[in-house]
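First the structure, in the form of structure tokens, and then the observations on it.
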Amino acid sequence: MAKLFGTDGMRGEAGRFPLDAATVRVAGRSLARQLAKRLHEAGTDTPRIVTGRDTRESGAWIERAFIAGAREAGARVDSAGVITTPGVAYLANALPAEAGVVISASHNPYEDNGIKIFARSGRKIDDETERLIEADIERERGIARATIDPIEGFDRTKEEPDAANLRRSYVDHLAEHVGVGLELEGLSIVVDCANGAASDLAPSLFSRLGARVVSINNVPDGRNINLNCGSLHIDGLRQRVLEEKADLGVGFDGDADRALFVDADGQFVDGDATLWVMAKHLQSHDSLDHNLVVATVMSNLGLEKALDSRGVRLLRADVGDKYVLEELLRTGAALGGEQSGHLIFPRLSLAGDGMLTTLNLLRVMREGRAPLNELTAGFLRYPQVLVNVRVREKLPFEEVESVARAVHETRELLGQNGRLLLRYSGTEPLARVMIEGEQQETIERYANNLAGVIESALG
């Protein structure tokens, strides 16, 4: 059976399997059936699902197809229209609904799309449910679809009746709960919305709290989402922050589950630096449970050393917010995230939320009466190099003698002031060599030498 769900849902080119209308309809029907079965076993009935999407031109018809399938299976479905991924995760819990479904491909270009499914808790749905949906898709693939096309003739601009109210309740939650007592008068913020799901929501949120907001890339046309803008393209944000003499710049991705920042001097502040700022703040308020921060294997060595200087341990998870959350819940830690700007504050939400992260960072700036460049002081980023090597097979590195020997020798050379991460790509026939150390030239030489050994043995 084909595995369609990855660590961040089911993703691919819109219009092609598995993101064609017929298959999406099957996915909606399957999810509703799984939920109904669980409710029936609990003695209740009629599962409720809330949906939302980002601004891609394919989002409306994919959402419509999913809703059609879910309703065929007896589910009640409420659509929030264009809303952020964490907005749907919030609504699933607040309504409450048995599941929240987001139609988005996050930071990918507009041609792609995806389906992310959240449980009521705000976590991604369990692997078992994903496998059951995949099995239903495989079983029904190739069967002629129903004569009624779920997207035929529908108005792509028309929203479901309660969509605006659902979006409003999410922004109210951020403003009145997460942002309670936060006053932003006198603060100037440039917000790069990536022409995505935050295009209306983020500017209105920060303006509501009193900030002067300059919005850029907030006019989505269905095809310009993430296009040379947002969290993947910080230069435009940096330039605008300097032009406006703003206090802060924030760049979201297409579904606004991550946020990256630019300080008043135009310096880039990534997820690692944001974790450093937030960890210090929580620790000063005796709220950094277990003096522990969860990050990933890709987080910079500089973060680990900076945290260690304050007696804080960095626990590394596999790449992916799903794995960060698993470690947060297992350890009871209060803060975790990725270098990409995907931060999780489990006391507030189990989903990464770019707007929530921004509110928390703004609170630190306000309470500390300090600009962001002062708050990031003490975090020294180590030079990093990443080399990809194409391989013919993915043998365990420790079982290939020449590679194992080269890895050991490289780690000996790096000592305590460097770090080597060697792993295979999950989607491509590539080995990835990542090395951090004190000197860029040195680590580049180490990385290229190790890459050559891997190519000779496995290429």
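When GLU13 is tested against (1) crowded, with 20+ Cβ neighbours inside 10 Å; (2) within 20 Å of ASP112 (Cβ to Cβ), only condition (1) is not met.
Listed here are the residues, each with its yes/no results for (1) modelled with pLDDT of 75 or more; (2) surrounded by fewer than 17 Cβ atoms within 10 Å (Cβ to Cβ); (3) within 30 Å of ALA264 (Cβ to Cβ).
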residue	(1), (2), (3)
GLY142	no, yes, no
ASP162	yes, yes, no
LEU174	yes, no, yes
LEU184	yes, no, yes
ILE189	yes, no, yes
ASP192	yes, no, yes
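Taking each residue of the range 235-248 that is over 14 Å from ALA194 (Cα atoms) and looking for partners that are assigned to a helix (DSSP H, G or I) and of a type in the set (Ser, Thr, Tyr) with beta-carbon atoms closer than 9 Å, six or more apart or interchain, yields LEU248/THR358. Pairing each residue of the range 263-277 that is over 19 Å from LEU187 (Cα atoms) with any residue that is of a type in the set (A, V, I, L, M) and part of a loop (DSSP other than H, G, I, E, B), provided the two are 6+ apart or on different chains, yields C-beta distances under 8 Å for LEU275/LEU335.
How about the range 37-59: which of its residues are modelled with pLDDT of 95 or more and either surrounded by fewer than 24 Cβ atoms within 10 Å (Cβ to Cβ) or of a type in the set (Val, Ile, Thr) (or both)? Listed by number, the residues that qualify are ARG48, ILE49, VAL50, THR51, THR55, GLU57, SER58. If the condition is being closer than 25 Å to GLY251 by Cβ and surrounded by fewer than 20 Cβ atoms within 10 Å (Cβ to Cβ), then the range 319-342 contributes VAL319, GLY320, LYS322, TYR323. Per this entry, SER215 is counted among residues that are farther than 22 Å from GLY336 by Cβ and of a type in the set (S, T, N, Q). Of the listed requirements (1) in contact with a helix residue (DSSP H, G or I) (Cβ under 6 Å, 6 or more places away or on another chain); (2) under 25 Å from ARG310 (Cα atoms), GLU398 misses just one: (2).
Where residues in the range 343-380 are within 16 Å of ASP272 (Cβ to Cβ) and polar (S, T, N, Q), which of them is surrounded by the most Cβ atoms within 10 Å (Cβ to Cβ)? Only one residue tops the list, namely THR357. Considering the range 105-128, the residues that are over 13 Å from the mean Cα position of the chain (by Cα) and charged (D, E, K, R) include one that is surrounded by the most Cβ atoms within 10 Å (Cβ to Cβ), namely ASP112.
For the range 420-459, the set of residues classified as assigned to a helix (DSSP H, G or I), under 31 Å from the mean Cα position of the chain (by Cα), more than 12 Å from VAL407 (Cα to Cα) and of a type in the set (A, V, I, L, M) consists of ILE443 only. Exactly one residue among ALA198, ALA211 is in contact with a strand residue (DSSP E or B) (Cβ under 8 Å, 6 or more places away or on another chain) and closer than 17 Å to ILE83 by Cβ, and that residue is ALA198. Restricting to the range 248-265, and then to whatever is in a loop (DSSP other than H, G, I, E, B) and of a type in the set (Asp, Glu), can you tell me which residue is nearest to ASN226 (Cα to Cα)? Top of the filtered list is ASP253. Looking at the range 46-65, which of its residues are of a type outside the set (Lys, Arg) and over 22 Å from LEU201 (Cβ atoms)? Hits for the range 46-65 are THR46, PRO47, TRP61, ALA65. Only residues that are over 26 Å from ASP221 (Cα atoms) and either hydroxyl-bearing (Ser, Thr, Tyr) or assigned by TED's automatic domain parsing to the domain that holds ILE344 (or both): list them for the range 91-123, please. Answer for the range 91-123, where residues must be over 26 Å from ASP221 (Cα atoms) and either hydroxyl-bearing (Ser, Thr, Tyr) or assigned by TED's automatic domain parsing to the domain that holds ILE344 (or both): just SER121.
The values are calculated or read from the model by the stated rules, or taken from the named source; none is laboratory data. Note that the structure is predicted; figures quoted are calculated from it, not measured. With ideal geometry, Cβ positions are generated from the backbone for all residues, glycine too; neighbour counts draw on all protein chains shown.
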